[in-house]
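Here the structure comes first, spelled out in structure tokens, and everything after it is commentary.
Bear in mind that the values in this text are calculations on the coordinates, not laboratory data. Please read all numbers here as calculations on a predicted model, not as lab measurements. Methodologically, a virtual Cβ is constructed for each residue, glycine included, from the backbone with ideal geometry; neighbour enumeration extends over all protein chains shown.
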Amino acid sequence: MPDDATERTSSPFVRLHNVIKHYGGVVALDGVDVTIQPGEAVCLAGENGSGKSTLIKILAGVEQATGGEVHIGGVRHTTLDPRVSAAAGVMVIYQDFSLFPNLSVAENIAFSRELTDGEKFASQRRNKQLARKVLERIGVDISVSERVENLSVAHKQLVAICRALASNARLIIMDEPTTALTEREVRSLLGIIRKLKDDGIAVLFVSHKLAEVLEVCETVFVLRNGKLVADGPASEFDAASLTRHMTGRDVPDSPPSTAQAVQNLLLEVSELHKQGAFENVSFSLREGEVLGISGLLGSGRTSLAKALFGLVKADSGTMKMEDNSIALGDPLAATQAGIGYVPEDRLTEGLFLTQSIVRNVSVGRLDSHTSKGFLNLQSLTGEAADWLKRLTVKAPDIHADVKSLSGGNQQRVALARWMARAPKLLILNGPSVGVDVGSKADIHDIIRELSQQGIGIIVISDDLPEILSVCHRILIMKNGQLTDEIASGTIDETELTHRLAS
Ligand SMILES: Nc1ncnc2c1ncn2[C@@H]1O[C@H](COP(=O)(O)OP(=O)(O)OP(=O)(O)O)[C@@H](O)[C@H]1O
Ligand SMILES: [Mg+2]
């Protein structure tokens, strides 16, 4: 195997030449050249909507290029479909991982191998053997009999990687593989990517976290508006130069948050408890205050966020907004009390993908644009359009379906939708997951602006620089309990990392 891998390094595994992709009038890729060597880790960087996912879809055979040449394994493919692409060794791990939740780890890993070998009824024992072998290859210990639905996101992702390995992948593609992972899990994924490289397997990945990109990749390709604007060895880039290529401008580091003037009490949470998720949670929030809640995966932070919005019903405890009690486990009551919630997984929980962009933003705003029973469609659309502009949503037409937007632009639509409702308290779970560096700074500016208008904001995030730059106060959550409270400006990133892990 290693001999074979070194032999192959002489010719590229993938060569895209002058690839063009049009979606109707939209030019998603405009004459792009990319080569990937066996065993090479390549990063595709670019702002939201720059064409990264489109390039991946072309390699995977999910979309056909409008023009140009696609060579895989030395063969030119004029028409590619997902089966042909997989047979050539290109495996894509999508964000939902496309696993079968009710089947075991072993069955999932052996699945595509059975298809390619035509062995429909491979024995359980053989499946398990195969699964153990690939799990061992990447040095991961997961029970092969466990049902996939019981696994953490990070483990599901590893199972998807193992499935690709089991069907002899030569290029594994991951589109934003680290967005749903915590720092520690990201580290372990990066270690696994290194092992794959050593095995001669190429890895192409998209990420908005530039530090991790530069750490694990040999080669970087930067797209801007569908064009390749820079490429070369990762060692020749740093976060600032990458950002400059992506955006065409300098993006300053966010300043640390400054202390906030004392305001009226907005939210008071007392002794909130949910069996198996969190206990004894008490805290309060003032108008205009930005409160960060940070904790490792499994710390209970997402359950707590959902409980505050009534999506999860706490067993006991009380919640008051402006001194009025809110019923627990009742999202409608929470909404009426002025609470808004932007979920972390906005693509599946937060949007109506097959409805128009403008409609997604105006949902819940009908009341305020209705007078004497008549809906003022123009003011409704105008308001939505304003928010889309403030969040710089890149869309050819605001009446197009949300699903035609790039991932990061869909995230912004979800944010616009809640901001348009002018809540008194906004709970943001991972406010900048999936958005590029330039827009992350914009979203942080908007959070500061909303706070100045007196809106209370709870930010739940793993992104420590983000927490440090927007929050006035930070609560740390561990094993379902709030363990630490930190005032902004009194701590740096290293110290915060330390407090989270200790
Ligand atoms: N099915 C589609 N129909 C119409 N336009 C599309 C479609 N898919 C993508 N586009 C457009 O093509 C362009 C590139 O989108 P793509 O999804 O490749 O961006 P991306 O670089 O992956 O962005 P992100 O970082 O936000 O995920 C965008 O302008 C997008 O709106
Ligand atoms: Mg994308």
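Quick notes on this one:
- Per principal axis, descending, Cα span of the chain in whole Å: 70, 50, 45
- Residue separation of Thr497 and Glu322 scaled by 0.36 nm, minus their Cα-Cα distance, works out to 59.6 nm of gained length.
- Modelled label positions at Glu449 and Ala211, each set 7 Å beyond Cα in the direction of Cβ, lie 2.8 nm from each other.
- Segment 256-334 and segment 22-48: distance between their alpha carbon centers, rounded to Å: 42
- Segment 78-99 versus segment 168-197: alpha-carbon centroid distance in Å: 17
- Packing, taken as the mean count of other beta carbons within 10 Å per residue, orders the peptides 386-394, 123-131, 17-25, 372-380 from highest to lowest as 386-394, 123-131, 17-25, 372-380.
- The listed peptides 136-142, 360-366, ordered by packing as a protection proxy, come out as 360-366, 136-142 (highest mean of other Cβ atoms within 10 Å first).
- Length-normalised contact order of segment 2-247 in % [C-alpha pairs under 8 Å, at least 6 apart]: 27
- Share antiparallel - DSSP beta bridges, the chain, percent rounded to 5: 55
- In nm, spacing of pseudo-spin labels at Tyr23 and Asp386 (7 Å Cα→C-beta vector): 2.8
- The alpha-carbon of Lys197 sits under 26 angstrom from the alpha-carbons of these lysines, leaving out residues fewer than 8 places away in its chain: Lys52, Lys57, Lys128, Lys133, Lys156, Lys209.
- Cα gyration tensor category, rounded, prolate or oblate, for segment 323-477 with a/c compared to 1.5: oblate
- Here each label is just a point 7 Å from Cα along the line to Cβ, and for Ser98 and Val153 those points are 2.1 nm apart.
- Neighbour cut-off at most 16 other Cβ (10 Å), DSSP loop, trypsin sites (Lys or Arg not before Pro), segment 301-345: Lys313
- Relative contact order (%) - criterion: Cα under 8 Å, at least six apart; region: segment 182-241: 24
- Cut-off under 5 Å, modelled amide H: who pairs with Tyr23 long-range: Ala28
- Cysteines not pairable in the chain (beta carbon separation under 4.7 Å absent): Cys162, Cys471
- Cα lying deepest toward the dipole's positive end in segment 2-247, options Gln124, Val92, Leu210, charges on Cβ: Gln124
- Straight-line reach from Lys424: taking Cα to Cα under 30 Å and skipping same-chain neighbours fewer than 8 places apart, the lysines in range are Lys274, Lys306, Lys313, Lys320, Lys372, Lys389, Lys394, Lys403, Lys440, Lys478.
- When the chain is described by a simple charge dipole with +1 on each Lys and Arg Cβ and -1 on each Asp and Glu Cβ, the residue from Leu405, Met477, Met321 located farthest towards its positive end is Leu405.
- MRE, 222 nm, helices only [DSSP H, n ≥ 4, -39500 (n - 2.57), over the chain, to nearest 500]: -10500 deg cm²/dmol
- Taking every DSSP bridge with both residues inside segment 2-247, close to 55 percent are antiparallel.
- Among the trypsin sites (Lys or Arg not before Pro) in segment 146-253, those placed in a DSSP loop whose Cβ has at most 13 other Cβ atoms within 10 Å are Arg249.
- Extension gain (nm, one decimal) between Lys424 and Ser123, 0.36 nm per residue minus Cα-Cα: 102.6 nm
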